[in-house]
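**Student:** Please read through the structure below; I'll follow up with questions.
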Amino acid sequence: MDSQFLSLKPKTEFTRREFVVSMLATGFALAVRPVSAQTIHTDDGGLTAGEVKIPVPDGEIPAYRAMPAAGGGFPVVLVVQEIFGVHEHIKDVCRRLAKLGYLAIAPELYARQGDVSKLSDIQQILDQVVSKVPDAQVMSDLDASVAWAKKSGKGNTAKLGIAGFCWGGRIVWLYAAHSSKLKAGVAWYGALLWKTNKLQAKNPIDMAGLLKAPVLGLYGGADPGIPLDAVEALRKALTAAGSKSEIVVYPDTPHGFHADYRPSYRKEQAEDGWKRLKQWFKTYGVA
């Protein structure tokens, strides 16, 4: 692995195993249905888009990949899922990035622990699957996805970015402390007060002084799960560490404001955040 941050490294060697998820779910996760009428669909015209398999130390995991159909040497963006896995919204985000000229790849990071697409209750998803996904495993799978993009001959991993949503937003902060190859990250309402355990031992504020790449954090001022005092504590820690990372808080805005398939979607804030993402990646060499 690429990190010197030892607590995120696997303690033992991976062993080959049967994966619970061997292919990506179709459509939206059961827990978010029915989806909103305002759901955005990005077509795959001019793109190469679909499922691929990523070799990992203990087998392979499915991932969604989207990139321009013509050309190569595309900057690479890792797209990290919400708690709902790599369902249609995450695939659509990949296509949006591909339309901008990126090779976007979203690995299914719960592949070993469970298929969240078939679970209808959010607490069930958290308890039965998400809480059992080791951070070290996630870091390794993201590294493997970068290696796959480079080996494909289509991705320029010297221009590497990461964007994550909800659960994936927390992962962005961790990966920015883990990877020396990363140029920039964007964390959309990533959890700051995660209930830590042996497998998930750190919160983003613990990473403030360890970041190897700047992160843009996008948060909602009315997010009941991410208190503003936690956001401000992270901001202060980043400043104290001399990080180039930035925090943006949208007033009176809920969690999941980019999720256009859910009632939490806020068009103005989502579009502003997307504009900031594009500029952030451009500023820090992911373009």
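The values are calculated or read from the model by the stated rules, or taken from the named source; none is laboratory data. It should be emphasised that the depicted structure is a prediction, and the values quoted were computed from it without experimental measurement. In this analysis, Cβ positions are derived from the backbone assuming ideal geometry, glycine residues included, and neighbour counts consider all displayed protein chains. Only protein heavy atoms, including side chains, enter the accessible area calculation; ligands, DNA and RNA are left aside. Shrake-Rupley method; radii C 1.70, N 1.55, O 1.52, S 1.80 Å.
**Student:** Evaluate the charge dipole of the chain about its Cα centre and quote only its size in Debye, nearest 20, assuming +1 on the Cβ of each Lys and Arg and -1 on the Cβ of each Asp and Glu.
**Tutor:** Computed about the Cα centre, the dipole is about 780 debye.
**Student:** Between L211, L193, L182, which gets the highest mean-square fluctuation from a Gaussian network model of the chain, Cα cutoff 10 Å?
**Tutor:** Among L211, L193, L182, the largest mean-square fluctuation in the Gaussian network model of the chain belongs to L193.
**Student:** Run the numbers for E51 and D127: contour at 0.36 nm per residue of separation, minus the present Cα-Cα distance, in nm.
**Tutor:** Gain on extension, E51 to D127, equals 24.6 nm.
**Student:** What is the sum of charges, Lys and Arg at +1 and Asp and Glu at -1, for the other residues whose Cβ falls under 13 Å from the Cβ of A158?
**Tutor:** After counting each charged neighbour, the total is +4.
**Student:** Can you pull out the GluC sites (Glu not before Pro) in region 79-116 whose DSSP state is coil and whose Cβ has at most 14 other Cβ atoms within 10 Å?
**Tutor:** Taking region 79-116 and a limit of 14 other Cβ atoms within 10 Å, no loop GluC sites (Glu not before Pro) are found.
**Student:** A follow-up question, please. From the helices alone, meaning DSSP H stretches of at least four residues, give me the mean residue ellipticity at 222 nm for the chain, per-run term -39500 (n - 2.57), in deg cm²/dmol to the nearest 500.
**Tutor:** -8500 deg cm²/dmol
**Student:** Follow-up. From a point 7 Å beyond the Cα of E268 in the direction of its Cβ, which residues of region 241-260 have a backbone N at a distance under 16 Å?
**Tutor:** Flagged as within label range: 249-254, 257-258.
**Student:** Sort out for me the Cα centre separation of region 113-170 from region 215-287, rounded to whole Å.
**Tutor:** Using only Cα atoms to place each centre, the spacing works out to 19 Å.
**Student:** In nm, give the distance between the simple-model label positions of K244 and A222, each being 7 Å from the Cα along the Cα-to-Cβ direction.
**Tutor:** 3.5
**Student:** Same structure again: For all pairs of alpha-carbon atoms in region 207-287, what percent lies in each bin of width 5 Å, listed from the first bin to the last filled one?
**Tutor:** Going out from 0 Å in 5 Å bins, region 207-287 shows 3, 15, 23, 20, 21, 14, 4, 0 percent.
**Student:** Select from S180, G190, I125 the residue farthest towards the positive end of the dipole of region 98-199; place +1 on Cβ of Lys and Arg, -1 on Cβ of Asp and Glu, and compute about the Cα centre.
**Tutor:** S180
**Student:** Quantify, in whole percent, the carbon and sulfur part of the accessible surface of the chain (1.4 Å probe; protein heavy atoms only).
**Tutor:** Within the chain, the accessible surface is 53 percent carbon and sulfur.
**Student:** Here are several values of Cα extents along the principal axes in Å: (1) 46, 41, 39; (2) 94, 54, 35; (3) 65, 36, 35. Which one was derived from the coordinates shown?
**Tutor:** Answer label, from the structure shown: (1).
**Student:** Moving on to the next point. What relative contact order, as a whole-number percentage, does region 90-174 give when Cα pairs under 8 Å and 6 or more residues apart are counted?
**Tutor:** Once divided by the residue count of region 90-174, the mean separation gives 20 percent.
**Student:** Before anything else, pin down the relative contact order of the chain: Cα pairs under 8 Å, at least 6 apart, normalised by residue count, whole percent.
**Tutor:** RCO, the chain: 18 percent.
**Student:** Separation between the R276 and K195 pseudo-spin-labels, each 7 Å from Cα along Cα→Cβ, expressed in nm?
**Tutor:** Using points 7 Å along Cα→Cβ, the separation is 2.9 nm.
**Student:** Based on the Cβ-Cβ distance of D229 and K150, what FRET efficiency does E = 1/(1 + (r/R0)^6) give at R0 = 30 Å, to the nearest 0.05?
**Tutor:** So, using R0 = 30 Å, E works out to roughly 0.15.
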